[in-house]
Every structure is written in structure tokens, then in C-alpha cells.
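The block underneath contains the structure these notes are about, expressed in C-alpha cells.
We did not get these values from a lab; they are worked out from the coordinates using the rules stated. A quick note: this is a predicted structure, and the numbers were derived from the prediction, not measured. Here the Cβ is made from the backbone with ideal geometry for all residues, glycine too, and neighbour counts use every protein chain on show.
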Amino acid sequence: MKIGITCYPTYGGSGAIATELGLALARRGHEVHFISYAQPFRLTGFQERVFYHAVEMEDYPLFEHPPYTLALAVAIHDAAEKHGLQMVHVHYAIPHAAAAWVAQEMLGSFKAPRVVTTLHGTDITLVGQHPSFKSITSWSIAQSNGITAVSDYLKERTVEDFGIPADRIHMIPNFIDTKLFRRDREPCYRSTLADPDEKILMHVSNFRPVKRVVDVVEIFERVSREVPSRLVMVGDGPERARAEARAQELGVADRTLFLGAHQSVHDLLRCADLFLLPSYNESFGLAALEAMACGTPVVASDRGGIPEVVPHAEAGYLFPLGEVEAMAEGSLAILKDPLKWSRMSEAARRVALLRFDEDRIVPEYEKFYNMVLGGEI
């Protein structure tokens with residue numbers, strides 16, 4: 001099968017999953033063409049049957065805001081026409097679903113590839129809700145030949161907020177390469193992150209307001225009063241400065257390490273004793289799954305799709321939004337009890353293996369593609 005994939009190339013769950021899906025499909029014998037304004041951050045080195053097409057933008061003074069959606073539509077059109085794409089899979093509805101539909105119309109009904117749109121989160125729960133986007137988001141999703149959502153929570157929100165019929169949306173969860181994300185792989189950089197007697201608490205995100213990274217620092221400060229520990233913050237974004245300032249205010253800056261954005265988070269997660277994700281909302285919680293695959297228990301908010309990923313009191317603890325004290329107490333309960341930590345670590349790994357392994361989920365996408373191509377959807 002010849003498949004085009006469009007995603008945001010920057011750090012974030014939708015881009016990570018789109019890239020990993022494309023690479024996995026290529027390993028399974030498909031020809032994959034990534035189409036975006038920059039090379040996806042997880043697309044590194046030469047990969048057999050994998051191609052990248054840059055979206056060309058014209059820097060013209062007339063355009064205060066360059067028309068990226070139209071340029072993307074042209075890039076999809078050209079890649080489809082030149083390489084005979086059968087399927088274009090767009091990740092994150094805005095503006096990718098609309099651009100794919102324009103490309104489809106340009107090619108005509110006989111030559112056009114089918115379009116699958118995967119909904120990932122804030123394209124439905126935040127950005128897509130804005131009055132300037134809502135109608136076009138709803139319309140362009142509806143024009144897709146196939147629609148998937150990464151969690152039941154996100155599917156329900158799409159039905160409620162955008163009026164898409166439930167039977168048109170197929171839930172296919174995010175996945176993990178459990179051979180890469182695992183605790184026993186080398187190297188481990190634990191000795192460079194903390195002293196031997198210290199626990200490592202970790203957070204990985206794009207540091208946007210929805211991630212509540214200041215809560216992460218406040219949870220850590222409470223934990224560090226009772227357990228020798230370090231906080232490792234992986235990622236970058238608009239809330240980093242606030243988190244750094246809060247660490248200074250609380251007197252834990254010397255025990256908090258801001259590493260910035262990293263491509264190989266698996267090398268870091270396998271060193272962590274606990275993963276913190278107190279987000280305002282997560283449509284899935286890919287970072288939590290990556291931690292779980294590494295055998296790291298999770299303490300998180302019980303919002304959105306997180307309960308579909310992290311079984312409460314089995315692979316970690318879930319608490320109401322903003323309950324910093326409760327999250328700190330839950331963290332201490334795990335870190336101070338070696339037997340509990342071991343049970344939760346094993347359970348976290350088991351959930352990742354049995355429910356979210358790449359070898360289980362990628363064939364679901366292949367089956368879905370074949371259904372779309374065969375007109376069964």
C-alpha cells in the first residue's frame with residue numbers, strides 16, 4: 001500500500017504517533033510518504049520505503065499570514081499524483097483534514113487517494129472549539145473517508161461537540177514500541193541524574209498551560225520533604241519559565257533539572273522511579289504510556305482519556321485536577337513502599353504490553369485502511 005502521512009513535525013503526541021505509525025508501516029512493507037513543513041522530529045536517519053516531502057511556502061509581502069493550508073494541499077496533491085498514493089492519513093484535524101480534502105478534489109474522483117483523519121486531542125477539545133475554526137473543523141472531519149480517535153473520551157467529545165455520528169468514528173488507541181521503551185535497556189543515565197540514594201521523579205511534555213507544569217514542581221517539593229529525590233523535567237514550551245521560577249521560590253531549584261526537548265525520551269524514562277502528569281486534560285496521555293512501558297508508575301489527574309491508559313491503584317494513582325497535596329501523598333505512598341512500587345512497575349509494563357503494543361495496534365490501522373479502500377466504511 002502507498003500511504004501519505006501528514007502531521008505536525010514538532011514535539012507532541014500527534015506528531016510522535018504519526019511518525020511511529022509511518023515507520024512501523026514501512027517495516028511491514030508499505031511505502032510511506034511524510035508530507036509536512038519540516039521533517040518530523042522522530043524521523044531520523046535513512047529508513048527503507050520512507051520518503052519525506054516538504055511543503056513549500058512563498059515568503060511574499062502580501063501574505064501577512066502565509067496560506068499554509070493551501071500549500072499543504074498542493075504538496076499532498078503532488079505527492080499523490082507523482083507516487084500514486086492510495087491513502088492519505090492526516091493526524092490532527094486542523095488544518096490537515098481540510099488540506100487533504102482540497103487535494104482530493106483537485107485530483108478528481110478516479111485518481112484521488114482516500115483520506116483518513118485521526119483526531120488526537122486539542123484539535124477537538126481546544127483549538128477546534130474556537131469560533132473561527134469550529135465550523136471548518138466539523139465540516140472537514142465529516143468529509144474524511146475514515147475517522148479515528150485515540151480514545152473513547154475523545155470520540156465522545158467529537159460526537160457531542162461537532163455532531164459527527166458515533167458510528168463514523170473508530171477508536172484506535174495510541175501505541176508504544178515496547179522493545180524500545182523498557183526498563184532493562186542500556187545505556188541508563190541514572191547516575192548522571194541523581195545520587196544513588198535519591199529517587200527520580202520525571203515529567204515529559206511540551207510545557208503548555210494544559211500540562212500544569214507548576215503543579216509538577218509543587219508535587220515534587222512536597223515529596224522531597226520526606227524522600228531524598230530529584231525532579232527531571234524533559235521538554236520545553238511557554239510554561240517552562242514559570243516552572244523554573246516556582247522551583248526557585250520553593251527552594252528546590254538545586255534538585256530540579258530542566259533538560260529541554262529530547263528525542264530519545266526512552267533513555268530517560270527507564271531511569272525514573274515515578275512519572276507525574278497532573279494535566280488539565282489529556283485526550284490519551286502518550287507520555288504516561290511511554291513511562292509505563294518503562295516500568296515507571298504514574299501519578300496523574302483523572303481527566304480525559306488518562307483513566308483509559310493508567311489503571312488507578314494498579315499502575316499508579318489518579319486524582320482530581322489540581323489536588324497537589326493528594327498527588328504528593330500518592331507519590332509518597334508509592335516511593336516509600338518498595339513492594340508497592342515493584343507491583344505497580346510490573347503492572348504498568350504489563351498494561352503497555354497487553355493493550356498498547358505496536359504489534360497489536362498497527363495491524364488495526366492496516367485493517368481500517370483496507371476497510372476504507374474497500375468502501376466498507
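The modelled label-to-label distance between ARG183 and ALA142, using points 7 Å beyond Cα along the C-beta direction, is 4.9 nm.
Checking the cross-link pairs LYS82/LYS367; LYS211/LYS336; LYS155/LYS367 against a 21 Å limit on the alpha carbon distance flags LYS82/LYS367; LYS211/LYS336 as lying beyond it. Here r is the Cβ-Cβ distance between ASP357 and GLN248 and R0 is 41 Å; the resulting FRET efficiency, rounded to 0.05, is 0.50. Fewest first, what order do VAL55, VAL115 take by the number of other Cβ atoms within 10 Å? Going from least to most buried by this count: VAL55, VAL115.
Helical runs (DSSP H, four residues minimum) scored at -39500 (n - 2.57) apiece and divided by the length of the chain put the mean residue ellipticity at 222 nm at -12500 deg cm²/dmol.
The eigenvalues of the Cα gyration tensor, multiplied by 5 and square-rooted, give the chain an equivalent ellipsoid with semi-axes of 37, 21, 20 Å from largest to smallest.
Assuming a ≥ b ≥ c are the square roots of the Cα gyration tensor eigenvalues, decide whether the stretch 190-356 counts as rounded (a/c under 1.5), prolate (otherwise, with a/b larger than b/c) or oblate. Rounded. Protection proxy ranking of 13-19, 369-375, by the mean of other Cβ atoms within 10 Å over each peptide's residues and highest first, is 13-19, 369-375.
Panel order for LYS336, LYS211, by other beta carbons found within 10 Å of each beta carbon, from fewest to most: LYS336, LYS211. When DSSP beta bridges are restricted to pairs lying wholly in the stretch 227-377, around 10% turn out antiparallel.
Just going by the charge dipole of the chain, with Lys and Arg at +1 and Asp and Glu at -1 on Cβ, which of PRO40, GLY237, ALA99 is farthest out on the positive end? Positive-end residue among those listed: PRO40. With each label modelled as a point 7 angstrom along the Cα→C-beta vector, the GLU160-ARG49 pair spans 4.0 nm.
Taking amide H positions as modeled 1.01 Å from N, with prolines and chain starts lacking one, the residues under 5 Å from SER36 and 5 or more places away or on another chain are HIS53, VAL55. Structure remark: mean-square fluctuation, Gaussian network model of the chain, C-alpha springs under 10 Å; the largest value among ALA293, ALA73, ALA253 belongs to ALA253. Between PHE110 and MET371, the modelled labels are 3.0 nm apart [label points 7 Å from Cα along Cα→Cβ].
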